[in-house]
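Report on one structure; see the data block that follows.
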DNA sequence: GTCTATATTAGGATAGAC
DNA sequence: GTCTATCCTAATATAGAC
């Protein structure tokens with residue numbers, strides 16, 4: 001699962017499947033999936049197209065693998081949040097933390113997932129899983145409103161989408177190894193979503 | 001600028017440039033710019049590829065036009081906000097309202113803009129203008145923190161990105177004519193960003 | 001404003017040798 | 001695990017008639 005760190009290239013490259021997948025997903029994110037040709041990927045790896053097809057069945061199978069990875073991780077984080085907390089507000093906090101964590105840990109795969117538009121059966125299936133995830137989170141937000149823990153003058157679906165709008169936008173600029181840690185980011189998202197930025201909370 | 005409403009197709013379609021651009025940008029958003037071929041666009045319009053090239057110079061010139069439209073509108077909204085308010089917090093509120101308004105009014109063009117990855121000179125120029133916009137807004141957020149109107153325990157750049165993460169995520173689900181109005185959306189974004197969702201503000 | 005026909009290049013993918 | 005050579009399709013774009 002960690003391929004970039006072990007190139008071990010002497011003379012001929014000599015890649016394994018994971019290395020190919022890692023570079024492919026990076027390239028898909030840099031240029032867009034559709035704008036990236038198999039020739040581009042081969043060039044980036046320094047091998048021919050034929051060599052690539054020794055490792056993967058098709059361009060789409062690379063996409064499939066990455067999307068499954070991202071979705072399974074996000075679904076797992078949601079499951080964990082539900083199991084670890086009995087109150088909806090606790091579950092919401094935890095699912096935001098979990099999603100930010102997954103996003104940080106599997107940034108390339110999640111980035112790819114968030115850009116899928118439904119151009120193939122594989123993409124449509126991924127969108128369907130995303131929708132199911134969103135619905136489960138929306139239900140948690142609605143529960144938190146019923147509990148009295150969250151303001152209910154904003155529609156639960158709208159609130160959920162705006163909160164995850166913040167979370168998902170992290171793929172646009174968060175880079176691992178940068179100055180901001182994932183934990184701090186999750187704190188900031190929850191801080192804005194729950195407390196807001198107006199003044200300092202302990203001020204006055 | 002409003003083409004979809006006047007098809008007036010009798011026998012042969014008979015399109016003008018604006019109609020072609022409108023349909024093109026819609027299709028680019030549905031399928032992705034790179035995944036959309038000129039043949040797809042021609043099929044959608046019910047004409048041949050050659051007929052299309054009578055209206056536009058190239059596929060990229062369509063993109064160029066749409067991106068310019070979106071960027072000019074956003075920059076205009078920012079200029080307006082700065083001119084209409086002297087305090088940074090007022091400017092921030094207004095630029096969020098303005099950006100949501102532009103997003104709602106020019107949803108296709110803004111959606112296209114937000115998906116650009118820098119695959120060509122045109123795309124890179126658009127990204128550069130976006131960055132300049134972001135920097136100007138970040139400066140406003142920083143000023144609002146200095147004014148004491150905004151909490152300063154979150155980095156201004158991070159706060160700006162998260163707020164605009166919410167705003168920009170509207171392209172993923174907001175559709176004109178739906179149940180939620182743009183004004184209400186801007187209120188919700190500002191409400192979350194400034195006051196937060198924790199409890200009801202006037203509660204207890 | 002649209003058509004048929006076509007030039008040209010790039011795309012995904014395979015066969016079979018090393 | 002990689003190579004050369006190749007197939008076939010689809011891509012952007014143009015020429016010139018109606």
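Rule-based calculations on the coordinates, nothing more; no lab input. Because the structure is predicted, anything quoted here is derived from the model rather than measured. Neighbour counts run over all protein chains shown; Cβ positions are idealised from the backbone, glycine included.
Normalised by 2.2 N^0.38 Å, with N the number of residues, the alpha-carbon radius of gyration of chain A equals 1.18.
Using a Gaussian network model of chain B in which every pair of alpha carbons under 10 angstrom is joined by a spring, one finds that among B:110, B:47, B:141 the greatest mean-square fluctuation is at B:47. Relative contact order of segment B:60-154, taken over Cα pairs closer than 8 Å and 6 or more residues apart, is 34 percent. Listed from fewest to most Cβ neighbours within 10 Å, the set B:50, B:37 follows the order B:50, B:37.
Each principal axis of segment B:67-148 carries a Cα extent, and these read 41, 23, 16 Å when sorted largest first.
Between copies, residue A:84 shows label-point distances of 4.4 nm, shortest first, with the point placed 7 angstrom from Cα along Cα to C-beta. How far is helix B:156-169 tilted, in degrees, relative to the longest principal axis of the Cα atoms in chain B, given as a value from 0 to 90 rounded to the nearest 10? Between helix and principal axis, roughly 40 degrees.
Overall shape: oblate for the protein assembly as shown, with the ratio a/c of the largest to smallest alpha carbon gyration tensor axis at 1.5 or above and b/c at least equal to a/b.
Compactness of segment B:118-204, taken as the C-alpha radius of gyration over 2.2 N^0.38 Å, stands at 1.33. Listing A:28, A:133 from fewest to most neighbouring C-beta atoms within 10 Å gives A:133, A:28. Taking the fewest neighbouring Cβ atoms within 10 Å as the starting point, the ordered list for A:117, A:91 is A:117, A:91. Across all C-alpha atoms in segment A:54-105, the radius of gyration and Dmax reach 14.6, 50 Å. Scattering from segment B:11-86 was approximated by placing one identical point on each alpha carbon and applying the Debye formula without solvent; log10 I(q)/I(0) at 0.19 1/Å stands at -0.76. Per residue, the Cα convex hull of segment A:107-153 amounts to 94 Å³. Highest mobility in the GNM of chain A, judged by mean-square fluctuation with C-alpha springs under 10 Å and restricted to A:157, A:43, A:132, is found for A:43.
Residues considered: A:46, A:98, A:177. Largest GNM mean-square fluctuation over chain A, using C-alpha springs under 10 Å, is found at A:177.
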